[in-house]
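Working notes, structure below.
The values are calculated or read from the model by the stated rules, or taken from the named source; none is laboratory data. Since the structure is predicted, the reported quantities are computational estimates derived from the model, not experimental observations. Note that we place each Cβ from the backbone using ideal geometry, even for glycine, and neighbour counts take in every protein chain shown.
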Amino acid sequence: MGIQIGIFSVGDVTADPTTGRTPSEHQRIKDTVAIAKKAEEVGLDVFATGEHHNPPFIASNPTATLAYIGAQTSTLLLSTATTLITTTDPVLIAEDYAKIQHLTDGRVDLMLGRGNTGPVYPWFGKDIRQGINLAIENYALLRRLWREDVVDWEGRFRTPLQGYTSTPRPLDGVAPFVWHGSIRSPEIAEQAAYYGDGYFHNHIFWPASHAAQMVRLYRDRFAHYGHGTPEQAIVGLGGQIFMRRNSQDAINEFRPYFDNAPVYGHGPSLEDFSAQTPLTVGSPQQVLERTLSFRDYAGDYQRQLFLVDHAGLPLKTVLEQLDLLGEILPAMRAGFAEGRPADVPDAPTHASQLAALTSNSQVSNDNKESKEVTI
Amino acid sequence: MGFDKLNHRKVVVVSAGLSVPSSTRLLADKLGAATERAIAARGEEVEVRHVELRPLAHALADHLLTGFPTGDLAGALDAVRHADGVIVVTPVFSASYSGLFKTFFDVLEPGALDGKPVAIAATAGTARHSLVLDHALRPLFAYLHAVVAPTGVFAASEDFGESSDGESSLDKRVDRAASELAALVSGTAGATQVPARRTVDSEFAAPTPFEQLLREAGGNTAR
């Protein structure tokens, strides 16, 4: 299938700066579902939700959101951006995502991150100074809970487990695929590379050079740990876009949202920020060209997620953005396929991981048989 | 960076004057020139680069909001990071360094000044502010783990009109601070001799192997 293309949402409740209207939490939660369903309708592959536990966000409890969306979609791959591996008990993550695997017939993977909200650590009884260490220990446990039926475990950050079995077991014995998201922590790229997992750079709000540096490190270390060539590493990138058929209309309409946006608002101009970061505001053709140019510094990659619903943009506008994205989707897929070497893999899915597992056990069975013959 | 000659010293002068002409820049020029002479007198090559903060004011405000430096600001931060010695000069605003001056050091990556020789200097309209060197600048650079030269240079407006032959004239004080900085820059107490903290850049250059990270997560911090 080539590259996976989708959207990711942080779930912010922000006043529309052009009308002053702030959606209710209820409205924003329902809008998020409508946006995800629309994503499938226009042909996108992935919807990923963020995780926040404080106002002005509605992105707590991502697993309920994903399961609810999963029940109303049929092809959409459900993911996270990101799941807080630092403050969420890995025992809970193992259960929750295995359950969604079963409910959605394997249409789920997840992206682990440390989040960007310091105060969230004490809310869940954790120490922010241990951020990296929590990410490392918790994930090491999560992997075992999905891969071993009975786990004895002892670590630093939670009570020991003795003879513990996480339920339900992952669908078909295949753990959900895991991405690791980090903007500027080389340790996390190292972690993704070590396990041969995916690495995702959010690639919005920051200069492309940051993403390029992290992706380069991840690819080199992926090869160092023997998972394949650097070009075969599993890379995902974010992106931020706003489109109208006429590029000047896009700029005029988006500017008040940009100028008042929670993250970068009241800072650089829309024009400067567009030059400094991957933000692209313009015609669908401009978005298409800029997006395809990400390969120049990230190499051929596996997943592209766009941020389209934030900064107070009304639902109607977001849905229009998805229609426009749907229109350029075939050209975007064709562009990404162009010149893509055959040995660059697709992002693992449940089906591909299951196929790999089956063919591996086939091979080992074959080996067993041939041994028996020799004997 | 590249392969610098061992005794080719890079000195960066950071000055936060706002007017043109500015007495802060004037003092920065004096300190830069005196340091250049003092290092050259030790038989070493020296290159002095000036970083004026006024043209970087917008980029500094943007950096506070976006978290990353752009254009000339990125170059200026890089120059300071890779300098062998730094001279910092601020005008006194409300009995302290100016906000613009502080912002530059707020956005400098932690660890960038670890063990780095720094000479501090300030200007003001009146000599009654002279203690700003010791109650504001010296603590700031101590916090940043810089090695601060013993002599700081404070110049009130009237100092620029003084004759240069007096024992405590501005030029004498500038020369003393410059020779102290030169000794720190070319001496063994230079930045490379001091174990610096690991920065993001050092992690990119030589990533900590994951087995090590796993051990550290488990509480074993021995490297």
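Residues that are within 14 Å of another protein chain (Cβ to nearest Cβ), free of Cβ contacts under 8 Å to residues at least 40 places away in the same chain and either assigned to a loop (DSSP other than H, G, I, E, B) or not aliphatic (A, V, I, L, M) (or both) are absent from the range A:88-110 altogether.
Do you know which of the residues in the range A:143-163 that are in contact (Cβ under 8 Å) with a residue 24 or more places away in the chain and crowded, with 17+ Cβ neighbours inside 10 Å is nearest to the other protein chains (Cβ to nearest Cβ)? The qualifying residue nearest to the other protein chains (Cβ to nearest Cβ) is A:F157. Scanning the range A:1-56 for residues that are part of a strand (DSSP E or B) and either closer than 20 Å to A:L84 by Cα or of a type in the set (F, W, Y) (or both) turns up A:I7, A:F8, A:S9, A:D12, A:V46, A:F47, A:A48, A:T49. Test A:N138 against the stated conditions and say whether it is polar (S, T, N, Q) and modelled with pLDDT under 95. Considered against the rule, which asks whether it is polar (S, T, N, Q) and modelled with pLDDT under 95, A:N138 comes out as no.
So, A:A189, is that one surrounded by 23 or more Cβ atoms within 10 Å (Cβ to Cβ) and either in contact with a Pro (Cβ under 7 Å, 6 or more places away or on another chain) or at the interface with chain B (Cβ under 10 Å from one of its Cβ atoms) (or both) or not? Considered against the rule, which asks whether it is surrounded by 23 or more Cβ atoms within 10 Å (Cβ to Cβ) and either in contact with a Pro (Cβ under 7 Å, 6 or more places away or on another chain) or at the interface with chain B (Cβ under 10 Å from one of its Cβ atoms) (or both), A:A189 comes out as yes. If the condition is being without any contact (Cβ under 8 Å) to a residue 60 or more places away in the chain and within 20 Å of the chain's Cα centre (by Cα), then the range A:294-318 contributes only A:R295.
Here A:N116 fulfils each of the conditions (1) in contact (Cβ under 8 Å) with a residue 12 or more places away in the chain; (2) within 16 Å of the chain's Cα centre (by Cα); (3) within 14 Å of chain B (Cβ to nearest Cβ) apart from (1).
Give me the residue from the range A:207-243 that is of a type in the set (V, I, T) and in a strand (DSSP E or B) and, out of that set, farthest from the chain's Cα centre (by Cα).
Filtering first and then ranking leaves A:I241.
Between A:L134, A:L145, the distinction of being in a helix (DSSP H, G or I) and either assigned by TED's automatic domain parsing to the domain that holds A:T75 or within 30 Å of A:L354 (Cβ to Cβ) (or both) belongs to A:L145 only. Per the listing A:A298, A:A261, the residue uniquely buried (at least 21 other Cβ atoms within 10 Å of the Cβ), more than 18 Å from A:Q248 (Cα to Cα), in contact with a strand residue (DSSP E or B) (Cβ under 7 Å, 6 or more places away or on another chain) and small (G, A, S) is A:A298. So which residues in the range A:258-276 are within 24 Å of A:F57 (Cβ to Cβ), more than 8 Å from chain B (Cβ to nearest Cβ) and either among the hydroxyl-bearing types (S, T, Y) or touching a Leu at 6+ places or on another chain (Cβ under 6 Å) (or both)? Across the range A:258-276, the qualifying residue is only A:F258. B:V107 falls short on exactly one of the conditions (1) within 13 Å of the chain's Cα centre (by Cα); (2) within 24 Å of A:T277 (Cα to Cα), and that condition is (1). Contact map, the range A:194-214: residues that are more than 11 Å from chain B (Cβ to nearest Cβ) and more than 18 Å from B:G71 (Cα to Cα) paired with residues that are buried (at least 20 other Cβ atoms within 10 Å of the Cβ) and basic (K, R), Cβ distance under 8 Å, separation 6+ or inter-chain. Pairs shown: A:G198/A:R303; A:F200/A:R303. Comparison of B:G32, B:G67 shows that the only residue that is within 24 Å of B:F154 (Cα to Cα) and either surrounded by 19 or more Cβ atoms within 10 Å (Cβ to Cβ) or free of Cβ contacts under 8 Å to residues at least 12 places away in the same chain (or both) is B:G32. When A:P168 is tested against (1) surrounded by fewer than 23 Cβ atoms within 10 Å (Cβ to Cβ); (2) at pLDDT 95 or above; (3) assigned to a helix (DSSP H, G or I); (4) not aliphatic (A, V, I, L, M), only condition (3) is not met.
Being away from chain B (no Cβ under 14 Å), of a type in the set (A, V, I, L, M, F, W, C) and out of contact with any helix residue (DSSP H, G or I) (no Cβ under 9 Å at 6 or more places or on another chain) holds for only one residue in A:L288, A:L307, and it is A:L307. Filtered by the rule that a residue be within 25 Å of A:M111 (Cβ to Cβ) and not in a helix (DSSP H, G or I), the range A:244-277 gives A:A261, A:P262, A:V263, A:Y264, A:T277. For the range A:235-254, a residue qualifies if it is surrounded by 17 or more Cβ atoms within 10 Å (Cβ to Cβ) and of a type in the set (K, R), and exactly one does: A:R244.
Return the residue satisfying two criteria in turn: it lies in the range B:51-64 and is within 16 Å of A:S269 (Cβ to Cβ) and touching a Ser or Thr at 6+ places or on another chain (Cβ under 8 Å), and of such residues it is surrounded by the most Cβ atoms within 10 Å (Cβ to Cβ).
B:D62
All conditions in (1) among the small types (G, A, S); (2) assigned to a helix (DSSP H, G or I); (3) within 22 Å of B:F210 (Cβ to Cβ) hold for A:G155, with the sole exception of (2). For A:A140, the test of being within 13 Å of chain B (Cβ to nearest Cβ), aliphatic (A, V, I, L, M), crowded, with 23+ Cβ neighbours inside 10 Å and more than 24 Å from A:A36 (Cα to Cα) is failed.
In this structure, is A:A59 assigned to a helix (DSSP H, G or I), touching a residue at least 12 places away in the same chain (Cβ under 8 Å), touching a Gly at 6+ places or on another chain (Cβ under 9 Å) and of a type in the set (A, V, I, L, M, F, W, C)? So A:A59 does not fit the description; no.
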